[in-house]
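No value in this document is a laboratory result; all are computed from the given coordinates. What you see is a predicted model, and the numbers here were worked out from it, not measured in a lab. Neighbour counts are summed over all protein chains in view; Cβ atoms, including those assigned to glycine, are modelled from backbone coordinates with ideal geometry.
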């Protein structure tokens, strides 16, 4: 899945929130991305930041402000947010 | 947004009075302003709910809370919930504000104002809105305790939903969990 050096490979900048940002040590995580699904992206994030793996399992992924299931493709350069379980109110 | 504009241009009232308005704010919430915003001569009931930062949970002292949000998604979700509440409960108007940033114990974290011809709809809509806000709007709370520790609250998926509108753990992002589980099978 890691084809970062192949042609067309891009970067993906992920917005992280709350406890997820704290575990990752950043609110904006950049990872190499050669394309794949939201499910693939989850694996890539867990690989890049093992500390977030547990909470990531329980988090939702949004692309361009819309929730995306694991089979949705993610383009390099997409606006991706990782949203841990919410606790507003 | 359109509703706000329509209300503004209608000019029947002396102030902007959106029928359904949800917003994130980074300043103290003024509950009375929200009630005024939903007031209507057709109303027989205005309900105001104010969720405040509780100082003790299960005997543990909380010294403050901090909230953050995915701003655009949370704002959109709050607006959509308000619009849905107006339709679902036949409200005359509805206004919600959720505060972000650090808040002190006793301060309002969220406020909901509804107006309806009769009280039942106004009460039920406020309760429904609060439940939905806690379950699905991308807002997060960090609890700060008296011993200096702090932690973001992310409910376990198996945790039971609570009817309490306060700040206990145990409410989950039900919709996010459901969404997540659909595509999960082949990877686990």
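For peptide A:66-78, the mean count of partner chain Cβ atoms within 10 Å of a residue's Cβ comes to 2. For the pair segment B:22-49 / segment A:42-89, the C-alpha centres are spaced 34 Å from each other.
Can you give the translational diffusion coefficient of segment B:70-125 in µm²/s, computed by Stokes-Einstein from the Kirkwood radius over Cα pairs at 37 °C and 0.692 mPa s? Write down the numbers at each step before the final one.
Working: Rh = 12.4 Å.
Translational diffusion coefficient: 266 µm²/s.
Dividing the mean sequence gap of close Cα pairs (under 8 Å, 6+ apart) by how many residues chain A holds gives a relative contact order of 34 percent. Per-residue Cβ neighbour counts within 10 Å put B:42, B:143 in the sequence B:42, B:143, beginning with the fewest. Relative to its residue count, segment A:7-83 spans a Cα convex hull of 74 Å³ per residue. Indicate, rounded to the nearest 5 percent, the antiparallel portion of the DSSP beta bridges found entirely in segment A:7-83. Bridges in segment A:7-83 that DSSP calls antiparallel: roughly 85 percent.
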